[in-house]
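Chemist: Dumping the structure here so I can ask a few things about it.
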Amino acid sequence: MTSKQPLRCLLYARVSRDLRGQMESPKQQLDSLREWVAREQGWTVVLEIVEEGSASAYARKARDRWPEVAVAIKAGRADALLLWEASRGTRELSGFTELKSLLLEHGVLLGYGGKLYDLADESDAFRTGLDYLLAESESAKTSARVRRAMAARAQEGRPHGKNLYGFRREYDPATGRLLAQVPDEVTGPIVLRLFEEVAAGHSMYRICQRLTEEGIATPRPSARGWFSTTVLQIVRNPAYIGKRVFRGEVIGDASWAPLVPQELWDRCQAVATAENRRRKPDARFSHFLSGIARCGVCGGPMYALCNRGRYWSYACHWKHCVTRSERLLDEYVRRAFVALLDEYRDELVAGRETAISSAVEAQRRQLDGLRQRLDDVAAAYAADQVKLATLLAVERDVRPMIEKAEGDLRALLVPGVLRGLGPDPAAAWQTLDDEDARRYLKAAVEVIVLPATRRGLRYIEPECVELRPTW
């Protein structure tokens, strides 16, 4: 739609990535939106909100300033919300539903891509809803492509993720492409020193004390210096002998040269293993979700820490993005896992062994085909090649088939360990001690924890903790 009436415009910009992988900066987005406002007679900019970070459905932290948009709209400060493209607000259809309700309630128009939409108009509401449906689909496909690329790089032995302590990376100055991972002149000798001192039998306490006193920087910034867990993580990492690790397992030789000789590695492992055995037997299980829960912002593991010597919490180990009460999170995850076991009770007690790979692949091909069929019809409608009635008919017929295919695939991939829980898995799991309960939990789900929506809550919000089945 077009509008000749004066409009107060709220501009919202967020980092974007185009199909060629180039970043569309918030500044470029704002420049484009300002030019749009300037072209329209009577339009004015009353507020600009900018934040860095991905617009992906999984990048929750990037939406830190999004609540300001809702506050401004509820306060009646704007007549139109302008975005560079639809997905800058959200790539989740559920997020669009919330945005639509907010804009309708306060009579605010939505603009993106140089077009203005009135969500009270049926055709505009359908068109914008379809755009967000396609954006959500593209976000999921992008995530799948990233996971496949990570696996491919791992198989090739190439480095991935954060730079490994003791190494530095060399890049092509023209293209930015990674050329090599080589020993770092400063931190490389520190790694060798750690291996030599551990292999020589020096105590972990003395090693950490000397490193801290000498002012040697830790792999991750820490005001408290070195800890034995940091040293053990380094000396037990096969990457230092030129091995590529993927999802906790060595899958082959790495593309970089070893930093530590094999003979030194072997001597060090014997000492490091004995060091682990000296710890109290139940240390790993003092905190139920320690090392199992993962940060929903950066993906790092969460471990227990004691606040002010009184209150135990789980905190993101990498960046401290998320901190949640240990008691509340333990109670919530236990209840949620019991509910999940009840939901899939029939599959868990079926007694079948894990299906052979050919059956799993056949089921996946069927599911991919159904999803592609729905995507194709949606794209055809967007290109005015089919009518709305056709799209709705296909959606009505195919969606139940997709849901059934997803359930069939999950049933094929139920991990064998869960089938040992007997005819009532939920009841059986609740009778286990913490060590066995953790083992079943870790085999069955990923526990993803996001920050609370506001401070001071004395309960866990369901939308902030997700148990993702791994089967």
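Chemist: Using a 1.4 angstrom probe, figure out how much accessible area segment 285-331 has per residue, in square angstrom, rounded to the nearest whole. If you can, show how the numbers build up before the last one.
Modeler: On the way: 2270 Å² over 47 residues.
For segment 285-331, the per-residue accessible area is 48 Å².
Chemist: Carbon-plus-sulfur fraction of the accessible area of segment 183-245, 1.4 Å probe, in percent?
Modeler: Values: 1750 of 3200 Å².
Carbon-and-sulfur percentage of accessible area, whole number: 55.
Chemist: What does the highest-first list of 374-380, 126-132, 450-456 look like by mean Cβ count within 10 Å? All intermediate terms of the calculation are to be shown ahead of the outcome.
Modeler: Values: 374-380: 16.0, 126-132: 17.7, 450-456: 11.9.
For the peptides 374-380, 126-132, 450-456, the packing ranking is 126-132, 374-380, 450-456.
Chemist: Calculate the dipole size of segment 295-342 relative to its Cα centre from +1 charges on Lys and Arg beta carbons and -1 charges on Asp and Glu beta carbons; express the result in debye to the nearest 20.
Modeler: Values: 7 positive and 4 negative charges, 48 e Å.
Value, rounded to 20: 220 debye.
Chemist: On average, how much accessible surface per residue is there in segment 166-206, in Å², for a 1.4 Å probe, leaving out ligands, DNA and RNA? It would help to have the intermediate numbers written out before the result.
Modeler: Working: 2350 Å² over 41 residues.
About 57 Å² of surface per residue is accessible.
Chemist: Which whole-number value in Å³ per residue fits the convex hull of the alpha carbons of segment 422-467? Mind dumping the intermediate values first?
Modeler: On the way: hull volume 5.0 nm³, N = 46.
In segment 422-467, the Cα convex hull volume per residue is 108 Å³.
Chemist: In addition: Which of Lys74/Lys100; Lys162/Lys319; Lys100/Lys404; Lys27/Lys162 have a Cα-Cα distance over 22 Å? Intermediate values should be presented prior to the final figure.
Modeler: Values: Lys74/Lys100 13 Å; Lys162/Lys319 12 Å; Lys100/Lys404 30 Å; Lys27/Lys162 27 Å.
Those over the limit are Lys100/Lys404; Lys27/Lys162.
Chemist: Rounded, prolate or oblate: which fits segment 292-339, taking a ≥ b ≥ c as square roots of the Cα gyration tensor eigenvalues, rounded meaning a/c under 1.5, else prolate when a/b beats b/c? Don't jump to the answer; show the numbers that get you there.
Modeler: On the way: a/c = 2.82, a/b = 1.17, b/c = 2.40.
Judged from the Cα gyration tensor, segment 292-339 comes out oblate (a/c at least 1.5, b/c at or above a/b).
Chemist: Let me ask something additional. Can you figure out the FRET efficiency of Asn307 with Tyr171, using R₀ = 60 Å and their beta-carbon distance, to the nearest 0.05? Intermediate results must be reported in sequence, preceding the final value.
Modeler: Values: r = 40 Å, r/R0 = 0.67.
Rounded to the nearest 0.05, the efficiency is 0.90.
Chemist: Go ahead and run the numbers for FRET between Leu392 and Leu232, Cβ-Cβ distance against an R0 of 41 Å, rounding to 0.05. Spell out each step's value before the answer.
Modeler: Values: r = 58 Å, r/R0 = 1.42.
That pair, Leu392 with Leu232, gives E of 0.10.
The values are calculated or read from the model by the stated rules, or taken from the named source; none is laboratory data. Source: prediction; values computed, not measured. As a convention, Cβ positions derive from the backbone with ideal geometry for all residues, glycine included, and neighbour counts pool all protein chains shown. Areas reflect the complete protein model, heavy atoms only, side chains present, ligands, DNA and RNA absent. Shrake-Rupley method; radii C 1.70, N 1.55, O 1.52, S 1.80 Å.
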